[in-house]
Each structure stands twice: as structure tokens, then as C-alpha cells.
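The values are calculated or read from the model by the stated rules, or taken from the named source; none is laboratory data. These figures come from a predicted structure and were not determined experimentally. Here Cβ is always computed from backbone atoms with ideal geometry, including for glycine, and neighbour counts include all displayed protein chains. Just the protein is used for accessible areas: all its heavy atoms, side chains included, with ligands, DNA and RNA removed. Shrake-Rupley method; radii C 1.70, N 1.55, O 1.52, S 1.80 Å.
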Amino acid sequence: MRLGRPTGARTREQSSLPATATASILAVVLLVSGCSAGADAVPSGGSFDFVAPGGRTDIVYDPPETRGTIGELAGPDLMEEGKNTALSDYDGEVVVINLWGQWCGPCRGEADDLEEVFEATRERGVQFLGINVRDPQKDKAQDFVVDNNVSYASIYDPSMRTLIALGGNFPTSVIPSTLVLDREHRVAAVFMRALLSEDLLPVVERIADE
């Protein structure tokens, strides 16, 4: 059964959605099969089933009781050696999860917008959590954080193993992607493209007010 009824979505020309759904599904299958056997793979354990009707890039899951939860999400902190950062660190808070890489032009473009929304909503019980992917050179990813004045934490995940927590249907080949979780850490919205602050802020504020 698919959890979540997407509503109110819109598509932009700057969407970074893959050319075909088949390619995305294949990428996810390969990712899961390649990572699930690893000793540090993260079990999914969630009920979220990603659905994007008509290839939409902006998906809202409403009403709240139909939302699914992602699995256990945790990994090494990008900036603090020896620290583990997890979604469970933000119990009871709205969490905005952003998948990014320093090699990704749209990620650079949206970095200041994400930081702006974080600063505008953090006092309302909103946290941001980045997941840095496909960056084998950790120092370059750290430079991205410093150069763009990103103040929220990111999990360092060059192999994308933590993304198993998003379920087998989530198109992990689309970077950047942003998920907004409500206070019960259910998936309330997904954006499969680079964002401006005016795109994200109203959604985060609405979910924070639920």
C-alpha cells in the first residue's frame, strides 16, 4: 500500500528530474543491492513510499495521517570528526533534509536560500539536516560548507548508504533533493529540484504550525 496522497504539486523548467523513470528505478535498485550487504548499511524500517504522479517535482503529502515515515537515518558528521549525526537527534522537531554534493551546480545555487529558511524558522522548532553524497574528497565537501556559510549539520555519505532509509522507490539519482518531515518525522513534502527561499519557506512554516 502506498502511503501519502500527493497534492498541490507544480513543475518548474529547472527541474533536475531524470530523463526516464526507468533509469531512476534502476539506479535505486543498484544502490540498494550494492549497499545493503555492507556492515554499516542503514536499515530502512520506514513506511514512506515515494510517489510522484505525472513526473512532478514538487510533491505534498496530505492529510497528515496519510504520511509515511522514513527509516533510521544516521551517519558520520561531515564537519566534526568522530561524531555521529542522526535524524533521531531532532525528536519532536520539523526536519528539512537536503541531499547535496559540492560538485553539483544547483546545490551551490540553493545553499544560501536553504540557510535563509533555516535561520528564519529555527526558533519555531525547525531543523535542517544535509546529506553530502558522491563526494569522495571530504575536504572539498567541508570547503563547500565553509564557503557557503552553512550552519546546520550534514551527514557525510559519499557512497549514499544512508539513503536506504528513504526507501527503494526514492530516486536517489536526483541531486539536489529536499524532503520536509513533520514533527513526527513523517514525510510531508518532497522537492526534486533546486529551491529558492520563497519556494521552501511557506511549506516549512505551514508544517511547523500543524
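Set the Förster distance to 25 Å, then compute FRET efficiency between E80 and R124 from the Cβ-Cβ distance, nearest 0.05.
So the FRET efficiency works out to roughly 0.50.
For the stretch 52-136, take the alpha-carbon Rg, divide it by the Kirkwood Rh, and send me Rg/Rh.
0.97
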Quiz prompt | GluC sites (Glu not before Pro) within the stretch 52-83, DSSP loop, no more than 16 other Cβ atoms inside 10 Å | solution = E72, E80, E81
Quiz item: Counting only protein chains, not ligands or nucleic acids, how are E123, E205 ordered by accessible area (probe 1.4 Å), most first?
Solution: E123, E205
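Would the stretch 96-210 count as rounded, prolate or oblate if I go by the C-alpha gyration tensor, calling it rounded below 1.5 in a/c and otherwise prolate when a/b exceeds b/c, oblate otherwise?
Oblate is the answer for the stretch 96-210, as a/c is 1.5 or above yet b/c matches or exceeds a/b.
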Practice problem: Using a Förster distance of 22 angstrom, determine the FRET efficiency expected from the C-beta separation of D89 and E116, and round it to 0.05. | Solution: 0.45
